[in-house]
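J.: The structure's right below; bear with me while I get my questions together.
The values are calculated or read from the model by the stated rules, or taken from the named source; none is laboratory data. This one's a predicted model, so the numbers in the text were calculated from it and none came from an experiment. Reconstructed Cβ throughout: ideal geometry from the backbone, glycine too, with neighbour counts over all protein chains shown. All accessible areas refer to the heavy atoms of the entire protein, side chains included, with ligands and DNA or RNA removed. Shrake-Rupley method; radii C 1.70, N 1.55, O 1.52, S 1.80 Å.
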Amino acid sequence: MSNPYATPDQPIPGQPPHDRVRAVRVLKIISGAMVMGVLVFMGITLVLNQGAIDGEAQIMSWVGIGMAGLMSVNHLVLPNIVAKAASSKVNADQLRSADDAQKFMLVFPAFQTRHIVASAMLEFAAFMNLVFYMLTAFVGNLAAASALLVLLALRFPSVSAAEFWVHDRTREIELG
C-alpha cells in the first residue's frame, strides 16, 4: 500500500516538487504581507478621515497620482532589468549539467528579486497616496492607492508562474 502523503523523496504525480512549492511559499508570504500592510493602512486612513472624499487636490495630491502612474509602468520594466542582471551571474555550463530541480534553484533567486522589487514599487506608491489622502482627503489619492492595491494583489505569485519564468530564463542563459 502506497503512502498517500508525499515526502520530498516521493513527489505527488502531476504536482510540482516540494522545493519549488516551499520557495514560492516564501514569496506568497511576502506578497500577502505587502497587500495586508496597504489594506490595513488604507483602513486606518479611512477611519482617521471619517471616510471623507471631499478634499481639494493640492500639489502633493498630483505628485502622488503621478507617482502611482509612474510606478504602475515601472513595475513592469525595472524589475526585469534587475532580474536579468541577477540571473547573468548564473553560469550556462552549470545549467546545462544540472537537472530540472537544480536549474530551478539556480535561477529562482532572480525571479524572487524581480517579484519583490516590482511589488515594493507598487507598495511604495500606494502608501504615498494613502498618506496624501490622509492629509488632504482628496479622493484621487484614495483611488490611486486602490488601483495600486489591485495591481499588487494581481502580482501574487504562483508556482506555475515561477516555473514558467525560470524555464524561460534558463533557456535564454543556456542559449546565450
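J.: Can you tell me which residue among Ala101, Ala110, Ala120, Ala161 is under 21 Å from Arg25 (Cβ atoms), without any contact (Cβ under 8 Å) to a residue 40 or more places away in the chain, open to solvent by less than 50 Å² (accessible area, probe 1.4 Å) and not β-branched (Val, Ile, Thr)?
T.: Selected residue: Ala161, the only one of Ala101, Ala110, Ala120, Ala161 that is under 21 Å from Arg25 (Cβ atoms), without any contact (Cβ under 8 Å) to a residue 40 or more places away in the chain, open to solvent by less than 50 Å² (accessible area, probe 1.4 Å) and not β-branched (Val, Ile, Thr).
J.: Turning to a different aspect of this structure: Determine, yes or no, whether Gly43 is at positive phi and loosely packed, with under 12 Cβ neighbours inside 10 Å.
T.: No, not satisfied.
J.: When you go through (1) touching a Leu at 6+ places or on another chain (Cβ under 7 Å); (2) modelled with pLDDT of 90 or more; (3) closer than 20 Å to Glu163 by Cα one by one for Met34, which number turns out not to apply?
T.: Among (1) touching a Leu at 6+ places or on another chain (Cβ under 7 Å); (2) modelled with pLDDT of 90 or more; (3) closer than 20 Å to Glu163 by Cα, the lone unmet condition for Met34 is (3).
J.: If you take the residues of the range 17-33 that are within 14 Å of the chain's Cα centre (by Cα), open to solvent by 30 Å² or more (accessible area, probe 1.4 Å) and not hydrophobic (A, V, I, L, M, F, W, C), which of them is nearest to Ala125 (Cα to Cα)?
T.: Ranking the candidates gives Lys28 first.
J.: Take the conditions open to solvent by less than 10 Å² (accessible area, probe 1.4 Å) and modelled with pLDDT under 95 and apply them to Ala145. Does it pass?
T.: It is false that Ala145 is open to solvent by less than 10 Å² (accessible area, probe 1.4 Å) and modelled with pLDDT under 95.
J.: What pairs can you find where one residue is in the range 71-90 and in contact (Cβ under 8 Å) with a residue 40 or more places away in the chain and within 15 Å of Ala162 (Cβ to Cβ), the other is basic (Lys, Arg) and assigned to a helix (DSSP H, G or I), and their Cβ atoms are less than 6 Å apart, with a gap of 6+ or different chains?
T.: Within 6 Å, the pairs are Pro79/Arg114; Ala83/Arg114; Ser87/Arg169.
J.: For residues that are closer than 14 Å to Leu142 by Cβ and over 19 Å from the mean Cα position of the chain (by Cα), scanning just the range 63-85, find the one that is surrounded by the fewest Cβ atoms within 10 Å (Cβ to Cβ).
T.: Step by step, filter the range 63-85, then rank; the result is Ile65.
J.: Within the range 149-156, is even one residue charged (D, E, K, R) and either farther than 20 Å from Leu76 by Cβ or surrounded by fewer than 16 Cβ atoms within 10 Å (Cβ to Cβ) (or both)?
T.: No, the range 149-156 contains no residue that is charged (D, E, K, R) and either farther than 20 Å from Leu76 by Cβ or surrounded by fewer than 16 Cβ atoms within 10 Å (Cβ to Cβ) (or both).
J.: Do the conditions hold for Met36, that is, is it closer than 20 Å to Met128 by Cα and surrounded by fewer than 16 Cβ atoms within 10 Å (Cβ to Cβ)?
T.: yes
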